Number of protein chains: 2
Amino acid sequence: MSSADEIKRLQDLANKLRVLSVQATDASKSGELSNLRKITSDLEGHPTPRLNFVDVATGSLGQGLSVAAGMAYVAKYIDQLDFRTYCVLGDGEVAEGSVWEAMNFASLKQLNNLVAIFDVNRLGQSQETCLGHQVEVYADRAKSFGWNPIIVDGHNISELLAAFAKAAECKDKPTAIIAKTFKGKGFPNIEDKLNWHGKALGAKSNEVLAHLNAQLSSEDVNSSYNESKAEAPAVNLKEVKLSSPPDYKLGEKIATRFAYGTALVKLGQTCNRVISLDAETKNSTYAETYMKQFPDRFVECYIAEQNLVGVGIGLGCRGRTIPFLSTFAAFFMRAADHLRMAEISQANIKCVGSHCGVSIGEDGPSQMALEDLALFRSIPNCTVFYPSDAVSTERACELAAQHHGIDFIRTSRPATSVIYTSDTKFEIGKAQVVRQSKKDKLLFIGAGVTLHECLTAADIIEKKHQIFTRVIDPFTIKPLDSQTIIENAIAVGGRVLVVEDHYPEGGLGDAVAKALLANGNGYPFRFLHLAVNEVPRSGQPAELMSKYRIDAETIEKEIEKFM
Amino acid sequence: MSSADEIKRLQDLANKLRVLSVQATDASKSGELSNLRKITSDLEGHPTPRLNFVDVATGSLGQGLSVAAGMAYVAKYIDQLDFRTYCVLGDGEVAEGSVWEAMNFASLKQLNNLVAIFDVNRLGQSQETCLGHQVEVYADRAKSFGWNPIIVDGHNISELLAAFAKAAECKDKPTAIIAKTFKGKGFPNIEDKLNWHGKALGAKSNEVLAHLNAQLSSEDVNSSYNESKAEAPAVNLKEVKLSSPPDYKLGEKIATRFAYGTALVKLGQTCNRVISLDAETKNSTYAETYMKQFPDRFVECYIAEQNLVGVGIGLGCRGRTIPFLSTFAAFFMRAADHLRMAEISQANIKCVGSHCGVSIGEDGPSQMALEDLALFRSIPNCTVFYPSDAVSTERACELAAQHHGIDFIRTSRPATSVIYTSDTKFEIGKAQVVRQSKKDKLLFIGAGVTLHECLTAADIIEKKHQIFTRVIDPFTIKPLDSQTIIENAIAVGGRVLVVEDHYPEGGLGDAVAKALLANGNGYPFRFLHLAVNEVPRSGQPAELMSKYRIDAETIEKEIEKFM
């Protein structure tokens, strides 16, 4: 996918590749291309942004069109420039539902500056694609999804150029160029044949190269193009910050999801490139707060979370915007593969998932995120915030906005007490010791609702058993502040209890256990972990926290195991 | 969704609910319905199979149609009976791409016994749906996807019955009934209004109940129905086993993905209800081996992994089949939300993911599963197999087939040595100590390719440093054999090194660390963890394992930290 300046760069690349291709007839002169897929080369098996002309990685299918739609959205509505975005799709990947999420989105947003080229070559990896060469079916589907479809012979450059011109004339719809092609076109004994997917030519190399060289000598291809006169204005994302400090009273009850809406508005006040995207949950995630304040910087993505993430990646490309993506944390699972690819794409997106854990209450397990920390922790370089009050939520949003990369902020449904003063400093990878004394014999670690259960339990235990407890709020689950945790764990004699509103695997408990074991230099820690051990039910938040054993009362009972 | 006997049960339920509804006017007589969403009731916020007439949970949107397609597939092609399957979709969820994966699949497989009812009520959670009441657009989309669309007034029972009759006459296509409806139809001051999503009626209850009771007294609704005469034949899935023991020579080099194909054929020989599904990767996953042997028991799902999992859940419902779903392990991430819901649905599916880790080589990071263990470990009750040779792979497949629930088998691309004799016994949750002596001072734990690196490293270390090393193959990562690991860890003096072809979070290292810390009774273990710490590149498998520090040479260097 590419806007006009990208076309120029791609044309330059094409020329370079053409030169390299000619050179490849003589291996000794082949240069960079002959290093394809070697560990020393940035030319990988599938392109990634290690190549400076690649903005987004490919390799997991059906994701490109959402990203392209995000880029086109920026051009049309944010930068308001005449860049056009082109996305090539293989016909096999069009079976991916994410493509149809993007098709729906692009027509709804009238992205007439977006062109999708369906390369209908009929052949998949292991067999014919499900629709073969039925280009009319692709065209019908595109039309029904609100696109302007044009069927062409994909090997006929005049037809292609005419189609691109027609696409540019269409003022209210994106255009789908349905290109009938033959895989390996012109390659002797390979064209339109199965079993050549991802294979090197081997013994056929010389024959094919001779054929290609013969083609290169023809003058059919006119490589002239009109350079776009538009230039994207410089934007400065670095000065984004909260327009005013968090403003709450200690003890005031505020849901962290609510504080998210407040924070986002404050960020939007200092940076007009903060964009909020939501998947038809804005009245639950509180993205609505932002939409009301900045309707032009809000993108409703409807119930299509893969496209939400894809569009977000596109919006964040080349530093044009800071996209905040919100939905229920559970539904980010729908976009797990897009998030995996986002890291390979070196994307800059801020994911905010509300309604984590059993503490959401009656809606039941389908709405409860209990594996979201496992997902986001597994993404390299992803920063995972799990704020426990309104003040730290606002700071988490600010830090995420200022940080380049993938960030996840886990927010909770219930109102929880404000425990930090407005001037408390927060940093990525820096925990807060929220309760301590010199007499502490236990360390509790919780986050979100369970931090508050830890604090309550600590009070009960002090009163009832005269045992003093230290409590840590990790603030970020990744990176985890191992040093603070280990120092305090040792200070209390090694007794550590972690409690979290998440399944036992992949979350805070796993993170703390590994930190203690890997960095504790053989200190004999004692470790207890309370988490949700089965698929939960519907019920009141407090009932559920009790039933699934992550409440203060369970913590109190559990510490007997340390005694 | 429901086949004929399900309709009967639903009608019975409807009658029961009608009674309950009448009773509800008097709270003291209201019975089960008044316990909706209470922690003591199986009537949850969204239905789950805790209710015995529910086969599959709902609550995450856009997943039902794939499951329904799987059920319809069983009826038409496996049981060959005249059951019909009905699936109701909300209009909002039709924005989910997974719906269009299922639409494509159902028409390709000519599932004329499947009816989708699009409930087009115009209103979403926070605003109007993207297509509002444009029923023609839904009909056009359904038609372009190969369905038979019928537009009806969804409140007109005669029109609905006529549409169902028409659907039954269609012999080559599934039918989509596009029902124009009004949310809260007939509810005074609520009908067709926003802001009533998931809300209780509160003060309006009496008025609405009076209205509903007035409706119930009418005789408009004819609740007669034709009972299906077809009865699903009894099937016995319990005797599934390998038709012959694994047959390999020690030291022979076989990729575990290849052994998967062999194992599946052997299982198919003892049980004709073993069904293989693949997402257009069958020549890489080796599902192809099964397809060649049993073409009628193979379902090509094309590149649409959400639908692959949804159809698999449908195939496995009510014990009709044992579905084995295969694709690259990385691409199961595409179906993470479906897998999350599969557990809430108490599904029986066997997921087999090939091409895990950097050891796949040149295809690059987009094709490498490096977070799949984190995903599958986070699913409650999921059994996660990570076999390290061909013998254990065959046994993993057999154990998964015999086990009811979600299973994941992680297979590798490179050929690895056979290390087990054919008669080695394997159990879920039982590790194998594959190298040991009384002089052992170190414990290495690896799986798949890294188990072989551990064995090589152990040999080198013995020769070079005269230090003896114990090596454990966990076989299942979940449940993990904590007891064997802890006993052996203590036996060697507490020095444990885990090495895995996965990112550091959520995989084998986290699992072992937590087991040691939580169950080790304060033993002062020393723990090292080698895993892939960054987004990898393309390269040769051995080069990548070296660069990302999960090879024998790195292990050897690393143990200096223990000394």
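Quick notes on this one:
- Based on the Stokes-Einstein relation at 37 °C and a viscosity of 0.692 mPa s, and on the Kirkwood radius from alpha carbon pairs, the stretch A:96-190 is assigned a translational diffusion coefficient of 236 µm²/s.
- Pseudo-label separations to other copies for residue A:186 - Cα-to-Cβ vector, 7 Å, nm: 6.8
- When both bridge partners sit in the protein assembly as shown, DSSP labels roughly 15% of those beta bridges antiparallel.
- Dipole of the stretch B:54-192, positive direction: furthest Cα of B:78, B:133, B:189, with charges on the beta-carbon: B:78
- Computed Kirkwood radius, in angstrom, where 1/r is averaged over Cα pairs of the stretch B:303-361: 11.8 Å
- Normalised contact order of chain B, rounded percent, pairs of Cα under 8 Å and 6 or more residues apart: 11 percent
- Annotation: the residues B:505, B:136, sorted from fewest to most other C-beta atoms within 10 Å of their own C-beta, follow the order B:136, B:505.
- Across q = 0.08, 0.12 Å⁻¹, chain A modelled as identical point scatterers on its alpha-carbon atoms has Debye log10 I(q)/I(0) values of -0.62, -1.11, in the order of the q list.
- Computed about its Cα centre, the charge dipole of the stretch B:270-309 is approximately 200 debye, with only Lys, Arg, Asp and Glu carrying charge at their Cβ.
- For a modelled paramagnetic label at residue A:244, 7 Å from Cα along Cα-to-Cβ, the residues of the stretch A:270-290 in reach, with backbone nitrogen under 18 Å, are A:270-271, A:289-290.
- Total charge dipole magnitude, the stretch B:392-501, about the Cα centre, Cβ charges on Lys, Arg, Asp, Glu only, Debye to nearest 20: 420 debye
- With 30 Å as the limit on Cα-Cα distance, the pairs of A:38/B:557; A:180/B:180; B:292/B:547; A:38/A:76 that go past it are A:180/B:180; B:292/B:547; A:38/A:76.
- Förster radius 51 Å - calculated FRET efficiency between residue A:460 and residue B:162 (Cβ-Cβ, nearest 0.05): 0.20
- Computed over chain B, the per-residue total of -39500 (n - 2.57) for DSSP H runs of n ≥ 4 gives a 222 nm mean residue ellipticity of -10500 deg cm²/dmol, rounded to 500.
- Candidate aspartates and glutamates - alpha carbon under 17 Å from residue A:204, same-chain residues fewer than 8 apart omitted: A:26, A:191, A:192
- Antiparallel DSSP beta bridges within chain B, as percent of all bridges there, nearest 5: 15 percent
- For peptide B:508-521, the mean count of partner chain Cβ atoms within 10 Å of a residue's Cβ comes to 6.
- Whether the stretch B:413-510 is rounded, prolate or oblate, judged on the alpha carbon gyration tensor where a/c under 1.5 counts as rounded: rounded
- Here the residues B:535, A:391, A:499, ranked from fewest to most Cβ neighbours within 10 Å of their Cβ, fall in the order B:535, A:391, A:499.
- Near the amide H of residue B:280, within less than 5 Å, lie the amide hydrogens of B:301, B:302, all on another chain or at least 5 residues away, with H placed in the peptide plane.
- Mean Cα-pair separation over length for the stretch B:383-478, i.e. relative contact order, pairs under 8 Å, 6 or more apart, %: 38 percent
- Only Lys, Arg, Asp and Glu carry charge here, each on its Cβ (+1 for the first two, -1 for the last two); on that basis the stretch A:275-338 has a dipole of about 220 debye about its Cα centre.
- For the peptide B:377-387, the mean number of other protein chain Cβ atoms found within 10 angstrom of a residue's Cβ is 4.
- Label spacing, shortest first and in nm, from residue A:201 to its equivalents in the remaining copies (7 angstrom along Cα→Cβ): 7.4
- Positive-end ranking of A:104, A:492, A:366 along the dipole of chain A, with charges on Cβ about the Cα centre, is headed by A:492.
- Rounded, prolate or oblate (a/c below 1.5 giving rounded, otherwise prolate when a/b exceeds b/c) for the stretch A:451-563 by Cα gyration tensor: oblate
- Reachable aspartates and glutamates, given that their alpha-carbon falls under 20 Å from the alpha-carbon of residue B:463 and they are not under 8 places away in the same chain: B:440, B:453, B:551, B:553, B:556, B:558, B:560
- Relative packing of peptides A:255-268, A:186-199, A:153-166, A:88-101 - highest average C-beta neighbours within 10 Å first: A:88-101, A:255-268, A:153-166, A:186-199
- Fewest neighbouring Cβ atoms within 10 Å first, the residues B:490, A:78, A:344 line up as B:490, A:78, A:344.
- Under 5 Å, built H, 5+ apart or other chain: amide partners of residue B:178: B:118, B:150, B:151, B:152
- Listed cross-link partners A:199/B:109; B:166/B:350; A:173/B:193 are compared with a 32 Å cut-off, the Cα-Cα value being larger for B:166/B:350.
- Of the beta bridges in the stretch A:360-481, as assigned by DSSP with both residues counted there, near 40 percent are antiparallel.
- Annotation: amide H-H contacts under 5 Å for residue A:408 (H modelled 1.01 Å from N, sequence separation of 5 or more, or interchain): A:351, A:383, A:384, A:385.
- In this calculation the C-beta distance from residue B:191 to residue B:136 is compared with R0 = 30 Å, giving a FRET efficiency of 0.85.
- Rounded if a/c under 1.5, otherwise prolate or oblate - the stretch A:516-557, Cα gyration tensor axes: prolate
- The stretch A:395-450 and the stretch B:314-380 have Cα centres spaced 33 Å apart.
- Dipole orientation for the protein assembly as shown: of the candidates A:466, A:348, A:539, A:466 has the Cα lying most toward the positive pole (charges on Cβ; Lys, Arg +1; Asp, Glu -1).
- Taking a straight Cα-Cα cut-off under 17 Å and skipping sequence neighbours fewer than 8 places away in the same chain, the lysines within cross-link reach of residue B:249 are B:425.
Computed from the coordinates by the stated procedures, all read-outs in this text should not be read as laboratory data. Here the structure is a predicted model, which is why all the values come from computation and not from measurement. Note that we place each Cβ from the backbone using ideal geometry, even for glycine, and neighbour counts take in every protein chain shown.
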